[in-house]
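Colleague: Here's a structure for you.
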Amino acid sequence: MNTSPATDVEGKIAIVTGAASGIGRAIAELLHARGAKVVAEDINPDVERLAGPGIVPLVADVSKEDSAQKAVALAVETFGRLDILVNNAARIMSKLVVDMTREDWDAIMSVNVTGAFLHSREAMKAMIPNRSGAIVNIASYAAYFAFPQIAAYTASKGALVQLTRTLALEAIEHGIRVNAVGSGDVVTNIWAGKMDNGSEFLADHGRKAPIGRAARAEEIAEVVAFLASDRASFMVGSVVMADGGMSVKIG
Ligand SMILES: NC(=O)c1ccc[n+]([C@@H]2O[C@H](COP(=O)([O-])OP(=O)(O)OC[C@H]3O[C@@H](n4cnc5c(N)ncnc54)[C@H](O)[C@@H]3O)[C@@H](O)[C@H]2O)c1
């Protein structure tokens, strides 16, 4: 087993969704820096800026069935196999349930949950013959805790956690490990266009965690890289909280 964090994903082939920005970009860059080859998928064409030796961008909407098939085919055709899938792409919305339309609800669930389901299913098909692989889902403390106006998002993260656990039970008999990271606040673009001062909100909310600050995207990527590596060989169906203590604070 490769026990050095600096090279623990060396030679592995990964798909990272939502790789144009924030946490997903940090994950794609960290995996690549540690020797993995990466398919970087995002609906935002900015993801093409990541293109280079060992990183192939894919502009695609994760909620579409053929996007998952394209991402897996690109990994296998370009790099020869698939070892790691990181389901990171997500959207958020600030609306009271009484004001939310069916379209609003579906817009969040189709990316945050259905996108992860579709990509996991297609990745499993490529990983099963190899009898190895790792899937890491980016959840949140919002899988367990809430504040008003983010019901679709919290429901989607709760669903993602249960997808993680159930798929973990199905996948481990094929040698594939499925886990999740419960991220704390990170100052990213997730609220862009949906809330004025979204960055300030994330920074302020992060200061409420016991650690007293939001995370850097790289700190979340570090946990993902560990779960994706063979060093996490006994991690199955875990939700690893990387939230500065937010989820253990009661007062
Ligand atoms: N930022 C936080 O405080 C925080 C906290 C907990 C969990 N998370 C989770 O971290 C993950 C990354 O979020 P982020 O904060 O980096 O946000 P971000 O908005 O900076 O990045 C998300 C990326 O996903 C992409 N995306 C959105 N819809 C897509 C679609 N349909 N198809 C393909 N790509 C799509 C966006 O274009 C964007 O590049 C998400 O799962 C989010 O729920 C974030």
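Colleague: Can you tell me, using C-alpha contacts under 8 Å and at least 6 residues apart, the relative contact order of the stretch 176-251 as a whole percent?
Modeller: Values: 107 pairs, mean separation 34.6, N = 76.
It rounds to 46 percent for the stretch 176-251.
Colleague: Which value in deg cm²/dmol, rounded to the nearest 500, describes the helix-derived mean residue ellipticity at 222 nm for the chain, given -39,500 (n - 2.57) per DSSP H run of n ≥ 4 and division by the residue count? Each step should come with its number before you reach the end.
Modeller: Details: 7 runs with 90 residues, N = 251.
So the helix-based figure for the chain works out to -11500 deg cm²/dmol.
Colleague: Another question about this same structure. Mind checking which helices in the chain clear 24 Å along their axis (Cα) and have mean Kyte-Doolittle hydropathy of 0.0 or more, DSSP H runs only?
Modeller: Working: long enough: 151-171 (29 Å, 0.49).
For the chain, where a helix must reach 24 Å along its axis and average at least 0.0, the hits are 151-171.
Colleague: Something else now. Of the candidates Arg207, Arg91, Arg49, which one comes out as most mobile in a Gaussian network treatment of the chain with C-alpha springs shorter than 10 Å?
Modeller: The residue that fluctuates most here is Arg49.
Colleague: Ala107 to Gln69: FRET efficiency via 1/(1 + (r/R0)^6), r the Cβ-Cβ distance, R0 25 Å, to the nearest 0.05? Let's see the in-between values first.
Modeller: Details: r = 22 Å, r/R0 = 0.87.
Plugging the Cβ-Cβ distance into 1/(1 + (r/R0)^6) gives 0.70.
Colleague: While we're on this one: Would you mind classifying the stretch 149-222 by shape? Square roots of the alpha carbon gyration tensor eigenvalues, ordered a ≥ b ≥ c; an a/c under 1.5 is rounded, otherwise it is prolate if a/b is larger than b/c and oblate if not.
Modeller: Working: a/c = 2.79, a/b = 1.86, b/c = 1.50.
Prolate shape, in that a/c is at least 1.5 and a/b is the bigger ratio.
Colleague: Still on this structure, please answer the following. Rounded to the nearest 0.05, what FRET efficiency is calculated for Leu169 and Arg81 with R0 set to 25 Å and r the Cβ-Cβ distance? Don't jump to the answer; show the numbers that get you there.
Modeller: Working: r = 24 Å, r/R0 = 0.95.
Given R0 = 25 Å and the Cβ-Cβ separation, E is 0.55.
Colleague: So what's the projected area for the chain, the Cα convex hull averaged over all directions, in nm²? Before the final figure, lay out each step's value.
Modeller: Details: hull surface 51.6 nm².
That works out to 12.9 nm², a quarter of the Cα hull's surface.
Colleague: Turning to a different aspect of this structure: In whole Å, how far is the Cα centre of the stretch 116-131 from that of the stretch 185-223?
Modeller: The distance from the Cα centre of the stretch 116-131 to that of the stretch 185-223 comes to 31 Å.
Colleague: Now for a different question. Just tell me which aspartates and glutamates come within less than 12 Å, Cα to Cα, of Lys125; anything on the same chain fewer than 8 places away is out.
Modeller: Of all the aspartates and glutamates, those that pass the test against Lys125 - Cα under 12 Å, at least 8 places apart if same chain - are Asp83.
Colleague: Placing +1 at every Lys and Arg Cβ and -1 at every Asp and Glu Cβ, with all other atoms neutral, what dipole size does the stretch 110-240 have around its Cα centre, in debye to the nearest 20?
Modeller: Values: 12 positive and 11 negative charges, 42 e Å.
Result for the stretch 110-240 is approximately 200 debye, rounded to the nearest 20.
Colleague: Looking at the chain as a GNM with Cα springs under 10 Å, which of Asn88, Asn197, Asn137 has the largest mean-square fluctuation?
Modeller: Maximum among the listed residues: Asn197.
Colleague: In addition: Given a Förster distance of 22 Å, report the FRET efficiency between Val236 and Asp61 from their Cβ-Cβ distance, rounded to the nearest 0.05.
Modeller: Details: r = 30 Å, r/R0 = 1.37.
So the FRET efficiency works out to roughly 0.15.
Colleague: Would you please give the residues with an amide H less than 5 Å from that of Asp185, counting only those at least 5 places away or on a separate chain, with H modeled from the backbone geometry?
Modeller: Ala215
Colleague: Related question: Bins of 10 Å, beginning at zero and ending with the bin holding the largest distance: percent of Cα pairs per bin for the stretch 93-189, please.
Modeller: 16, 42, 28, 12, 2
Colleague: Once amide H atoms are placed 1.01 Å from N in the peptide plane, what residues at a sequence separation of 5 or more from Ile15, or on another chain, have their amide H within under 5 Å of its amide H?
Modeller: For Ile15, the qualifying residues are Val39, Ile84, Leu85, Val86.
Colleague: Can you tell me the length gained on complete extension of the stretch Ile211 to Val97, counting 0.36 nm per residue apart and subtracting the Cα distance? Don't skip to the answer; put the middle values down first.
Modeller: Values: separation 114, 0.36 × 114 = 41.04 nm, distance 3.14 nm.
Contour length minus the Cα-Cα distance gives 37.9 nm.
Colleague: Okay, moving on. Given bins 10 angstrom wide, list per bin the percent of all Cα-Cα distances in the stretch 14-74, short to long.
Modeller: Reading upward from the zero bin: 27, 59, 14, 0.
Every number in this text was worked out from the coordinates using simple rules, so none of it is lab data. Everything numeric here is computed off the predicted structure, so don't read it as measured data. Neighbour counts run over all protein chains shown; Cβ positions are idealised from the backbone, glycine included.
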